[in-house]
Amino acid sequence: SSRTRLGEKPDTVVGRKNANTGKYLSIGGCQAFNGLFNESVSNIGQAGADNCASGLARPTYWTVQTQNRSQNG
């Protein structure tokens with residue numbers, strides 16, 4: 001079930017930010033990611049900036065972070 005029905009804010013599942021301004025950039029929309037979260041992904045960003053979010057995002061779903069250069073254990 002979606003947490004947004006309970007009044008919670010949906011979690012970002014896909015987004016790209018400008019490192020200097022912190023503002024979201026366009027990634028061509030959120031429709032391509034709908035299949036990953038049972039057609040529940042929507043754009044909660046401003047016009048021209050894609051912040052794709054879903055109320056179904058849970059720890060059981062995971063994403064791939066590219067070029068992660070951190071030292072994780």
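The values are calculated or read from the model by the stated rules, or taken from the named source; none is laboratory data. Since we're looking at a predicted model, the values are computed, not measured. Every residue, glycine as well, gets a Cβ built from its backbone with ideal geometry; the counts of neighbours run over all protein chains shown.
Quick one: count up the residues across region 34-58 that are over 18 Å from residue 5 (Cα atoms), crowded, with 19+ Cβ neighbours inside 10 Å, at pLDDT 90 or above and not acidic (Asp, Glu).
Final tally of qualifying residues: 1.
Determine, yes or no, whether residue 66 is hydroxyl-bearing (Ser, Thr, Tyr), at pLDDT 90 or above, at negative phi and assigned to a loop (DSSP other than H, G, I, E, B).
no
Can you list residue pairs whose Cβ atoms sit under 6 Å apart, with the first residue in region 2-21 being touching a residue at least 24 places away in the same chain (Cβ under 8 Å) and within 22 Å of residue 39 (Cβ to Cβ) and the second being among the β-branched types (Val, Ile, Thr) and assigned to a helix (DSSP H, G or I)? Count only pairs 6 or more apart in sequence or on different chains.
Final answer for the pair search is 10/4.
Considering only region 7-28, I want to know if a residue exists there that is at pLDDT below 80 and over 12 Å from the mean Cα position of the chain (by Cα).
Yes, some residue in region 7-28 is at pLDDT below 80 and over 12 Å from the mean Cα position of the chain (by Cα).
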